[in-house]
Every structure is written in structure tokens, then in C-alpha cells.
1. Restricting attention to helices (runs of 4 or more DSSP H) lying wholly within the range 1-70, give those where 2 or more residues are closer than 30 Å to Ser87 by Cα, open to solvent by less than 90 Å² (accessible area, probe 1.4 Å) and in contact with a helix residue (DSSP H, G or I) (Cβ under 9 Å, 6 or more places away or on another chain).
2. If you go through the range 138-157 one residue at a time, how many are open to solvent by 10 Å² or more (accessible area, probe 1.4 Å) and within 17 Å of Gln209 (Cα to Cα)?
3. Restricting attention to the range 84-107, and to residues there that are exposed (fewer than 11 other Cβ atoms within 10 Å of the Cβ) and in a helix (DSSP H, G or I), which single residue is modelled with the highest pLDDT?
4. Go through the range 209-232 and report how many residues are surrounded by fewer than 22 Cβ atoms within 10 Å (Cβ to Cβ) and assigned to a strand (DSSP E or B).
5. What number of residues within the range 267-306 satisfy the criterion of being closer than 19 Å to Val235 by Cβ and of a type in the set (D, E, K, R)?
6. Can you find a residue that is at pLDDT 95 or above and within 20 Å of Phe120 (Cα to Cα) anywhere in the range 150-165?
7. Look at the range 110-137 and say how many of its residues are farther than 18 Å from Phe307 by Cβ, part of a helix (DSSP H, G or I) and open to solvent by less than 30 Å² (accessible area, probe 1.4 Å).
8. Tell me which residues, restricted to the range 177-208, are touching a Cys at 6+ places or on another chain (Cβ under 9 Å) and open to solvent by less than 20 Å² (accessible area, probe 1.4 Å).
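The values are calculated or read from the model by the stated rules, or taken from the named source; none is laboratory data. These numbers were taken from a predicted model, which means no experiment stands behind them. Quick reminder, even Gly has a Cβ in these numbers, built from the backbone with ideal geometry, and neighbours come from all protein chains shown. SASA here: full protein model, heavy atoms, side chains in, ligands and nucleic acids out. Shrake-Rupley method; radii C 1.70, N 1.55, O 1.52, S 1.80 Å.
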Amino acid sequence: MDLFDRLLTEFHASLAKVRNLQDLEAVRTQFLSRKGLLAESRKGFSFQTASPDERKEFGASFNDAKAAMEEAIEKRKGDLERTERRSQIREVDITLPGERPARGSLHPLTIVQSFIEDIFASLGFRVAEGFEIENDYYNFIALNIPEDHPAREMQDTFWLDNGMILRTHTSACQVRMMEQVKPPFRFIFPGRCFRYETIDASHENTFYQLEGLMVDRNVTVAHLIAVMKGLLSRVFGRDVMVRLRPGYFPFVEPGFELDIQCLICGGPGCSTCKHSGWVELLPCGMVHPNVLRFGGIDPDEWTGFAFGLGLTRLVMMRYGISDIRVLNSGDLRVMKQFAPSL
Ligand code: FA5
């Protein structure tokens, strides 16, 4: 039938112009919708006057034309969808340089700690670790600090529900080790300590210390001072101003406070050194005879020295970090600036 041939010719011409799925939908609506050109074609055919054969022929041609259009639309739709999917696949140029994965870096504390461990290893010290969760005995009593001793107030303590504590200092490792090894011995104990403190530029509630303990025959203050001086000159690689003053700690006698001139302000005073020009860094002293006795060591035969290096503060001084909070911040932009240059 001419009518349907013309319609199909017109349909294919429109289909040839289709560029995307929206165009295709417009063509489908134009020809195949309820009021589209195909449906309209029925209006030109008089069903009353037509013979049964003519009606049959019209109906068959109508259905053929409809089927042909639907089939052509489906095919074109498939083609368009495939092209669209292909355009979404990113082309990869394998000759371009790749994306470098970000490199990790050591935390400045780790850098300084391992450097100090090496120094002490060269002096015959072994590295050991204690427990962050301690009991009252090793943290206080065995260090000559009985219950109700005023010295307990020097270190505000986190108590746990089960009566244990978060250790306030690495000195808690001292008697634990004395119980396990016979003198002579030399140990360092690096580790995390906790205090219920108000946080400021130089105080954190979580910080690192590095304890040292040497027990031998005839150990004297001269040995202690020599080791402290050697340590500081190797860490800083130059002379730094230090001052030694008497310090009170129940577990040493005599006891000293070793302060370093503040390397943030150079001496005039700043918030890091609480405007004193000095930073408390390295308290130390000769091990108290009572502590040796708690550890099962005869103080008439053996003597020793101990120190409690403020490792976090040392890192601040070494790298010129004026606020201690930076070190616990976990801020990778800060951390990756510290190459292991020591
Ligand atoms: C002690 O903890 C003693 N156990 C040190 C000691 C060991 C003395 C052996 C004698 C013999 P002190 O509370 O002063 O002492 O702490 C030692 C160092 O840890 C301080 O000099 C300081 O550098 C550091 N420190 C103490 N509290 C904090 C804190 N809240 N934040 C950061 N560093 C701290």
C-alpha cells in the first residue's frame, strides 16, 4: 500500500537523523504514539465502505508497518546505548607517568627514640619495655613512695576501676627489671606515660619518657653526669646550655634536675618554657638504697644511677616544636616534615 510505503520512507528518513536517545524517543512519539502518524493513517481509510478483503489487507499492512518501525527503533536504541557506554570508558595512555602513592614517614618521636637507643646500645645498655597499665606497687611503693606519701601528688594519676593505674612514669620499670636480672646491668626503657594534667604548650596527658638504669659496683655521680653530657651532645650535635640543680625524687639520693636552655626562645622566655628560659628535661640521680632492696639487690655491694628523660620534650627541643600538642595531633602534614636526619 502506497500509504504505508510513504510512511515508512518518511520514518526511515527521520531515523537516519537520530543522534542520541532523546532524538530516538521523539521519532518514536512522532510515528508510534497513540496520536502519532501511524495511528493517524487509519483516518484516511473508510472501514464502512471497504470490502472485507480490503479491510484485511489494510490491517495487515498497518501491522507490518508498525512492526517494522518498532524493530528499527529497538535496533537503533541498542546501537546508541552501546556507543554511549563506550564513550564513558576512559581511554588510558600507558605511556604517561603513573601517579606516585604518598610516601609514609616516621614520627619524630620514633626517629629520636631509635637514635637514642643506638647511642645507649653503643654504651652497653639493653632496651626493654614495661607495662603501660601498672599497679600501685611498681609505680609508687617499690620506688620508695608509700601510700599517703606527699610525693604522690607530684604526679596526678589516672586510676582504673580495677585498682590498676596508667603508669605515670617509666620508673615503674626499674624494680620489675631488678627482680628479673642480676647486677651488673644497664637498661633503657622507652615508653608512654600518662598523667591527669592540664594540657598546655609543654604538658600533655600522654607523653613519652625514656628511663635509664645502670647498676654495678662503684657507680658514682661522675658516671651519671658523663652519660648525660654525652647523650645531649650527640642528640643536638652541638653544645647546648644545661643546668644541674638538686631535685627531689624519693627513689634517688642524691637527686638532680637537669634542665636545658629553651631552644624555642633561646633563653629570654616563651610559652613553651613557661617564660623561665629553661625546660625540665632529664631528672636523674643515684638509685636509693631502698629501691635496690625492693628489687632484691644488696645496696652495700651495688650502686646505680637512674634517669627519666622527657622524650617528648627532647623531640620538641631537637626540632624546634613550640607546642607539645602538635606531636599527638596525628597531623600528617606536620609529621612528614621530619626526615630521619639524626
Ligand atoms: C619523673 O617522672 C621521674 N620518674 C624521673 C626520674 C627518673 C628521676 C629516674 C630520677 C630518676 P618528672 O615528673 O619530672 O620525673 O618527669 C620527668 C620528665 O618527663 C620531665 O622532666 C619532663 O621532661 C617529662 N614530663 C613530665 N610530665 C610531662 C607532661 N605532662 N608532658 C610532657 N612531658 C612531661
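1. Answer list for the range 1-70: 2-16, 21-32.
2. 5
3. Top of the filtered list is Arg85.
4. Adding up the residues that qualify gives 1.
5. Total meeting the criteria: 1.
6. no
7. 2
8. Phe187, Phe189, Gly191, Ala201, Ser202
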